[in-house]
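Working notes for the structure below.
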Amino acid sequence: MKRFDFDVAVIGGGSGGYAAARTAAGAGLKTVVIEGGAEVGGLCILRGCMPTKALLYAAEVKHLAEHAETWGVRAGKVSFDFAKVMARKNAQIKDFADYRVRQLNAGKFKFIRASAKFLDAHTVELTTPRPASGHPLPIRWGEGRREGRARNLTARHFVIATGSRVAPAPLPQLHDAGFITSDDALALKKLPKSLIILGGGAIACEFAQFFARFGVKVTLIQRSEHILKEFDADAGTEIEKVFRREGMKVFTGTKLLDAKRDGKLKTVSFEQNGKTVSVSAEEILFALGRIPNTASLDLEKAGVKTENGRVVANNRMQTSTPHIFAAGDCTGPHEIVHIAVTQGEIAAHNIAQPKSPRKMDHRLLISIVFTDPQVAFVGLTEKEAAARKIPFLKASYPFNDHGKSLIMEAKDGFVKLLANPKTGEILGGSCVGPVGGELIHEIVAAIAGRMTVRELAAMPHYHPTLAEIWTYPAEELAEKIKTE
Ligand SMILES: Cc1cc2nc3c(=O)[nH]c(=O)nc-3n(C[C@H](O)[C@H](O)[C@H](O)COP(=O)(O)OP(=O)(O)OC[C@H]3O[C@@H](n4cnc5c(N)ncnc54)[C@H](O)[C@@H]3O)c2cc1C
């Protein structure tokens, strides 16, 4: 039998890659993680979930302090020190990244700092990364091998977990005008006075509210009819209302036409309702999405198929080359951390236990946007149900008529449940509201356990809590289903 250097080689040491390596090593397989980034930690820790949420929480604290009078509390004139806001975020990110570095180096598997690309279906070529200092990092694997040189590594199985990168700009003029990405926004030393945000997805909306609450004049330009287009229109409409109330300009249903630099200002022109509109600001934040980070892997040499750069994998996370698996943003279809982790675990499990394979189950798809109010759904949205022709009954309840949210002066938003019209099984839940990202987890549990609306309505809910708001749509649906 052919001998390989490793049973499993995981390419990429982010959330998906680490989960795959931990699982493979735990199953007794000789495993290596190959990480080619200049920094170790992965997107979630370094430039994704964690730094953005640290900044958004700071913005929420500031916002609450500014509105403290509502509860009879005098906070005086609220001011802030942007350098300190960023320093706290940076310190937290360093702690999280240091922890991940310790996990990767804990000795359960080999950890190599190098970029990998395929030479054939069982071999990758490793090249040492060249960090800003210019000194190539040593490849700490393989005795007697010289540092700083490309070398090959063989494995019986691979897990590709190379993540995503910012999508190319749709207009060449944007490059002439200049723009920042989410990575740059997280490293700003100084706030711009005004900012145009291109895009209306989670990343765009979270940054929009962060900057607006720190005094930046924000203009958000979205191509679709509503922001947050993966959610139902009621969710996008509610957040647009809040954003406009907080002073942002929000343009939806647009088509980008042009971008240029006018002295110190940058101008973006777009079409809306048949008219050309131009807006100017000090900076442009490009938040029009990310693409799979697969171009440099030479996947064709390993026979791994891609579609628009995305590694094609089945629900067992197996690619077109059966001994090569994939996990995380490089395969999708959702760019969400817990999905990357589950995919990594499933890939490694299926390598270790091919006779009892596990499959990805997207029935419990969760999506959360950490604006204030937060926006969340689990399972089916109305949009998805309509597209897949799944019959459902729905009921909603607003936070402006609920005891606990009135106490908190958190009156924006609603909860919504979708249920099977015959059995009452809960098919989906949405929440736009205070701590909506936490509240949705009650419905995650309910759907996981295949609960009906009747069972949810009968479940005890402590009073007065935000969570008891779910009982209203649950009762309404239970009543409807009884009488139909
Ligand atoms: C601003 C922002 C906010 C976000 N907020 C959230 C959130 O709140 N919640 C949520 O669930 N998700 C969020 N996400 C998405 C989330 O961060 C990603 O889905 C997740 O981190 C993807 O993990 P991954 O393992 O697939 O990729 P990554 O963590 O990107 O890991 C890929 C790794 O592969 C390495 N690599 C790439 N090519 C090679 C190569 N050829 N050789 C060796 N190594 C290579 C890279 O250096 C990288 O470390 C956010 C993303 C962004 C950008």
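The values are calculated or read from the model by the stated rules, or taken from the named source; none is laboratory data. All values reported here derive from a predicted model rather than from experimental measurement. Cβ: placed from backbone, ideal geometry, glycine included. Neighbour counts: every protein chain shown. Ligands, DNA and RNA are excluded from the accessible area calculation, which covers all protein heavy atoms including side chains. Shrake-Rupley method; radii C 1.70, N 1.55, O 1.52, S 1.80 Å.
Tabulated values for the structure
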{"item": "Eligible lysines near LYS110 by straight Cα distance, threshold 20 Å, same-chain separation 8 or greater", "result": "LYS30"}
{"item": "Carbon and sulfur %, accessible surface of segment 1-135 computed with the full protein complex present, 1.4 Å", "result": "54 percent"}
{"item": "On Cα atoms only, tilt of 436-448 relative to the major axis of the chain in degrees", "result": "70 degrees"}
{"item": "Exposure rank, largest accessible area first [LYS193, LYS249; 1.4 Å]", "result": "LYS193, LYS249"}
{"item": "Fully extended contour minus Cα-Cα distance, from ALA87 to ALA448, at 0.36 nm per residue", "result": "126.0 nm"}
{"item": "Eligible aspartates and glutamates near LYS482 by straight Cα distance, threshold 15 Å, same-chain separation 8 or greater", "result": "GLU425, GLU455"}
{"item": "Solvent-accessible area, 1.4 Å probe, carbon plus sulfur percent, for segment 309-421", "result": "53 percent"}
{"item": "Three-way shape label, segment 240-399, alpha-carbon gyration tensor, a/c 1.5", "result": "oblate"}
{"item": "In Å², nearest 10: area of ARG261 left accessible to a 1.4 Å probe", "result": "130 Å²"}
{"item": "The chain shape via C-alpha gyration tensor axes, a/c threshold 1.5", "result": "oblate"}
{"item": "Dimensions in Å of segment 203-302 - Rg and Dmax from alpha carbons", "result": "16.2, 54"}
{"item": "Highest-first arrangement of 387-397, 220-230, 9-19, 307-317, where packing means the average Cβ count within 10 Å", "result": "9-19, 220-230, 307-317, 387-397"}
{"item": "Taking the chain and dividing mean pair separation by its residue count, relative contact order in percent (alpha carbons under 8 Å, at least six apart)", "result": "14 percent"}
{"item": "Violating pairs (Cα-Cα greater than 24 angstrom) within the set LYS394/LYS422; LYS84/LYS193; LYS53/LYS264; LYS359/LYS480; LYS241/LYS383", "result": "LYS53/LYS264; LYS359/LYS480"}
{"item": "MET86 accessible area, assembled protein chains, probe 1.4 Å, Å²", "result": "10 Å²"}
{"item": "HIS175-ASN400 pseudo-label distance in nm [points 7 Å out on the Cα-to-Cβ vector]", "result": "4.8 nm"}
{"item": "Accessible area (Å², 1.4 Å probe, nearest 10) - HIS334", "result": "50 Å²"}
{"item": "Where the chain is the region considered: accessible area per residue in Å², 1.4 Å probe", "result": "48 Å²"}
{"item": "Accessible area in the full protein assembly, largest first, 1.4 Å probe, for GLU425, GLU66, GLU438", "result": "GLU438, GLU66, GLU425"}
{"item": "Total formal charge among the other residues, if their Cβ is under 14 angstrom from that of ALA187, Lys/Arg +1 and Asp/Glu -1", "result": "+1"}
{"item": "Formal net charge of residues neighbouring LEU439 (Cβ-Cβ distance under 14 Å; K, R +1; D, E -1)", "result": "-3"}
{"item": "Fully extended contour minus Cα-Cα distance, from GLN353 to VAL312, at 0.36 nm per residue", "result": "12.6 nm"}
{"item": "Protein-only accessible surface order, largest first, of ASP183, ASP401 at 1.4 Å", "result": "ASP401, ASP183"}
{"item": "Neighbourhood net charge (10 Å Cβ-Cβ; Lys/Arg +1, Asp/Glu -1) for GLN209", "result": "-3"}
